[in-house]
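Undergrad: The structure that follows is given in the form of C-alpha cells.
The values are calculated or read from the model by the stated rules, or taken from the named source; none is laboratory data. Computed from a predicted model, the values in this text were never measured in an experiment. Quick reminder, even Gly has a Cβ in these numbers, built from the backbone with ideal geometry, and neighbours come from all protein chains shown. For the accessible areas, the whole protein counts, side chains as well, though only heavy atoms, and no ligand, DNA or RNA atoms are used. Shrake-Rupley method; radii C 1.70, N 1.55, O 1.52, S 1.80 Å.
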Amino acid sequence: MKVWGADGKEYLDFVGGIAVNVLGHCHPKVVVAIQKQAQRLIHISNLYYNEPQIRLAKLLVEHSFADKVFFCNSGAEANEAAIKLARKYAKENLPGKPFEIITALNSFHGRTLATLAATGQPKFQKGFEPLMPGFRSVEFNSIDAIKKALTPQTCAVMLEPVQGEGGVNLPSSEYLRQVRELCDKYKLLLIFDEIQTGMGRTGKFFAYEHYGVTPDIETLAKGLGGGCAIGSMLATDKVASAFQPGNHGSTFGGNPLACSAAIATVETLLEDGILLDQCRRMGAYLLGGLNSLRREHAHLISDIRGMGLLVGMELAREGSKIVSSCMEQGIIINCTAGNVLRFMPALIVQEKDIDYMLDILDEVLGRLA
Ligand code: PLP
C-alpha cells in the first residue's frame, strides 16, 4: 500500500497506479514470477505461441464468457483491437456492412486516434480533429439515447460497465440488460471496456458479473499484469473468427514476461476468492467512511458512489487542491472529471489504511471550510 519519494517521504497509495496495482506494489508472487521468467525467456517473435501466453489465455477463458483471447500492451491497444474486430465481424456478417459504434458521453477508451474518437469527452479530443469517423457518443445510462442513435450503419455498442475517468458513474441495473437485449434484437455486438473495472476492482473478477449481462467482446489492461504493461481483448468464438491470421497483431503483445506477471496476478486474485471478498468488504467500509465525511462536510460534498474499490466522492467544487493537500500529508488520492475525488487502492487495503486516509481527508476538508 506504500510508496516512498526520492526524499524518503512515505505515502499511502489510494490511486494504485490508476487501478493498476491490484495486489499492491511489488507483490512477492508477481516479483518472483517476473524474476523466474526473465531468466528463462523474455521475448520471442509473435510468429510462435509461448507457454505463459497460452496459460494466461486459458485462465482468462476459464473465468469469463470468452473463448478466445488476443494480447497487446495497453488499454488503448485492446480497444483498438475490439473496434477492428467489431468492424470486420460486421462487414462479414451483417447486411449493409455497418461500421458505426455507439459509445457513451463521459466515457474514456484511450488516446490513440480511434479510441479518442470513441471517447465521449470533447476535452480529450480538442486539437486532434478531424476525428476518425464511425463513432456516436450518447447519454450514459439511457437506453432511449442508444435507440435514438441507432442507424443502419450501427454495428456495435461499446460501454464501460462503470465509467471510471468520467467520474465513477454507475448505471442502473436494468440499463446494461436493456442494452444487451437491444444488441440481440438488432444483431449488434456488445463491447465492454473493463480496462478499469476488470481484475476484481468492483468486487467481482469482472464488473459485468454484477449485472448478469455478458458482452461479445471485452477489453482488459491496467490490473491484468499487476503493474506490468499488458492488455487483452476477449471474445466469443463466433466473433473472434472474423479475425484471420495477419488481420491484427503486436510485436510485444503476449510476450512471456508480461504474461508471467499476469498469470501470477490472476492466480493470486482468484485464490479462494479471498481478495475479491476483501475488495467488497473494504469497498463498503470506504463508502461508509466517506458517507460519514459527507455528513460532516455537507456543503463541500455532493455525492458518494462506487462499486467495490472504485469509489468516487463528488465535490461541490474543483478537487485538485484537496489532492495536493492530501499528498503533502502522505496520502495519494486522485481527482477525475474536475470535481470527483477517486479512490482505487490495491485490493489488499485494510481498515486501518482507510481510517488513516479518512482522518487526513477530514482534516483537509475541515481546513477548506
Ligand atoms: N479504457 C478505460 C476504461 C480506461 O480507464 C483507460 C485508461 O485510463 C483506457 C481505456 C486506456 O488505457 P491505456 O492508458 O492503458 O491505454
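Undergrad: Search region 294-313 for residues being in contact (Cβ under 8 Å) with a residue 24 or more places away in the chain and either in a loop (DSSP other than H, G, I, E, B) or outside the structural domain of ALA346 (by TED's automatic domain parsing) (or both), and hand back the single one that is farthest from PHE14 (Cα to Cα).
TA: HIS299
Undergrad: Another question, if that's okay. List the pairs whose first member sits in region 50-73 and is closer than 12 Å to LEU224 by Cα, whose second member is open to solvent by 80 Å² or more (accessible area, probe 1.4 Å), and whose Cβ atoms are under 7 Å apart, counting only residues at least 6 apart or on separate chains?
TA: Correct list of pairs: ASN73/PHE252.
Undergrad: Which numbered condition trips up GLU10, out of (1) exposed (fewer than 12 other Cβ atoms within 10 Å of the Cβ); (2) without any contact (Cβ under 8 Å) to a residue 40 or more places away in the chain?
TA: The number of the failed condition is (2).
Undergrad: Pairs, please: C-beta under 6 Å, at least 6 apart or cross-chain, first residue assigned by TED's automatic domain parsing to the domain that holds ASN79 and in region 115-135, second of a type in the set (Val, Ile, Thr)?
TA: Note: pairs meeting the criteria are ALA118/THR103; GLY120/THR103; PHE135/ILE101; PHE135/THR103.
Undergrad: Then there is this: Within region 206-229, take every residue that is surrounded by 24 or more Cβ atoms within 10 Å (Cβ to Cβ) and aliphatic (A, V, I, L, M) and give me the one that is nearest to LYS29 (Cα to Cα).
TA: Among residues in region 206-229 that are surrounded by 24 or more Cβ atoms within 10 Å (Cβ to Cβ) and aliphatic (A, V, I, L, M), the one nearest to LYS29 (Cα to Cα) is LEU224.
Undergrad: Among the residues of region 168-178 satisfying the criterion of being within 30 Å of LEU315 (Cβ to Cβ) and more than 12 Å from the ligand (Cβ to nearest atom), which is nearest to the chain's Cα centre (by Cα)?
TA: The first filter runs over region 168-178 and keeps only residues within 30 Å of LEU315 (Cβ to Cβ), leaving 168-176.
Then keep just the ones that are more than 12 Å from the ligand (Cβ to nearest atom); that gives 170-176.
Details: LEU170: 13, PRO171: 15, SER172: 18, SER173: 19, GLU174: 21, TYR175: 19, LEU176: 16 Å.
Looking at residues that are within 30 Å of LEU315 (Cβ to Cβ) and more than 12 Å from the ligand (Cβ to nearest atom), I get LEU170.
Undergrad: Let me ask another. Could you list, ordered by first residue, the pairs with Cβ atoms under 9 Å in which the first is in region 176-205 and part of a strand (DSSP E or B) and open to solvent by less than 10 Å² (accessible area, probe 1.4 Å) and the second is polar (S, T, N, Q) and more than 16 Å from the ligand (Cβ to nearest atom), at least 6 apart or interchain?
TA: Once the first residue is part of a strand (DSSP E or B) and open to solvent by less than 10 Å² (accessible area, probe 1.4 Å) and sits in region 176-205, its partners that are polar (S, T, N, Q) and more than 16 Å from the ligand (Cβ to nearest atom) give LEU190/THR214; PHE192/THR214.
Undergrad: Is at least one residue of region 282-289 open to solvent by 10 Å² or more (accessible area, probe 1.4 Å), among the hydroxyl-bearing types (Ser, Thr, Tyr), within 21 Å of ALA207 (Cα to Cα) and at pLDDT 95 or above?
TA: Scanning region 282-289, I find at least one residue that is open to solvent by 10 Å² or more (accessible area, probe 1.4 Å), among the hydroxyl-bearing types (Ser, Thr, Tyr), within 21 Å of ALA207 (Cα to Cα) and at pLDDT 95 or above, so the answer is yes.
Undergrad: (1) assigned to a helix (DSSP H, G or I); (2) among the hydrophobic types (A, V, I, L, M, F, W, C); (3) within 13 Å of the ligand (Cβ to nearest atom): which one isn't true of ALA90, the others all being true?
TA: If we test ALA90 against (1) assigned to a helix (DSSP H, G or I); (2) among the hydrophobic types (A, V, I, L, M, F, W, C); (3) within 13 Å of the ligand (Cβ to nearest atom), just (3) comes out false.
Undergrad: Do we have any residue at all in region 353-361 that's of a type outside the set (Phe, Trp, Tyr), under 17 Å from ILE18 (Cα atoms) and surrounded by fewer than 20 Cβ atoms within 10 Å (Cβ to Cβ)?
TA: no
Undergrad: If I filter region 184-221 down to residues being under 19 Å from ALA284 (Cβ atoms) and touching a strand residue (DSSP E or B) at 6+ places or on another chain (Cβ under 6 Å), which single residue comes out as nearest to the ligand (Cβ to nearest atom)?
TA: ARG201
Undergrad: Taking only region 258-276 into account, find how many residues are free of Cβ contacts under 8 Å to residues at least 12 places away in the same chain and of a type outside the set (A, V, I, L, M, F, W, C).
TA: Within region 258-276, the subset free of Cβ contacts under 8 Å to residues at least 12 places away in the same chain is 271-274.
Next cut, of a type outside the set (A, V, I, L, M, F, W, C) only: 271-273.
So the answer is 3.
Undergrad: Moving to a separate point now. Looking at the structure I just gave you, is ILE18 surrounded by fewer than 20 Cβ atoms within 10 Å (Cβ to Cβ), touching a helix residue (DSSP H, G or I) at 6+ places or on another chain (Cβ under 8 Å) and outside the structural domain of GLU165 (by TED's automatic domain parsing)?
TA: Working: surrounded by fewer than 20 Cβ atoms within 10 Å (Cβ to Cβ): yes; touching a helix residue (DSSP H, G or I) at 6+ places or on another chain (Cβ under 8 Å): yes; outside the structural domain of GLU165 (by TED's automatic domain parsing): yes.
Here the answer is yes, as ILE18 does meet what is asked.
Undergrad: Condition first: crowded, with 24+ Cβ neighbours inside 10 Å and within 16 Å of the ligand (Cβ to nearest atom). Can you find one or more residues in region 132-141 that meet it? Steps first, answer last, please.
TA: To start, the set of residues in region 132-141 that are crowded, with 24+ Cβ neighbours inside 10 Å comprises none.
Within region 132-141, not a single residue is crowded, with 24+ Cβ neighbours inside 10 Å and within 16 Å of the ligand (Cβ to nearest atom).
Undergrad: Within region 111-133, work out how many residues are over 26 Å from ARG177 (Cβ atoms) and not in a helix (DSSP H, G or I).
TA: Looking only at that region, the number is 10.
Undergrad: May I ask you to list the residues in region 95-131 that are aromatic (Phe, Trp, Tyr) and either surrounded by fewer than 15 Cβ atoms within 10 Å (Cβ to Cβ) or modelled with pLDDT under 95 (or both)?
TA: Going through region 95-131, the residues aromatic (Phe, Trp, Tyr) turn out to be 99, 108, 124, 128.
Within region 95-131, PHE128 is the sole residue that qualifies.
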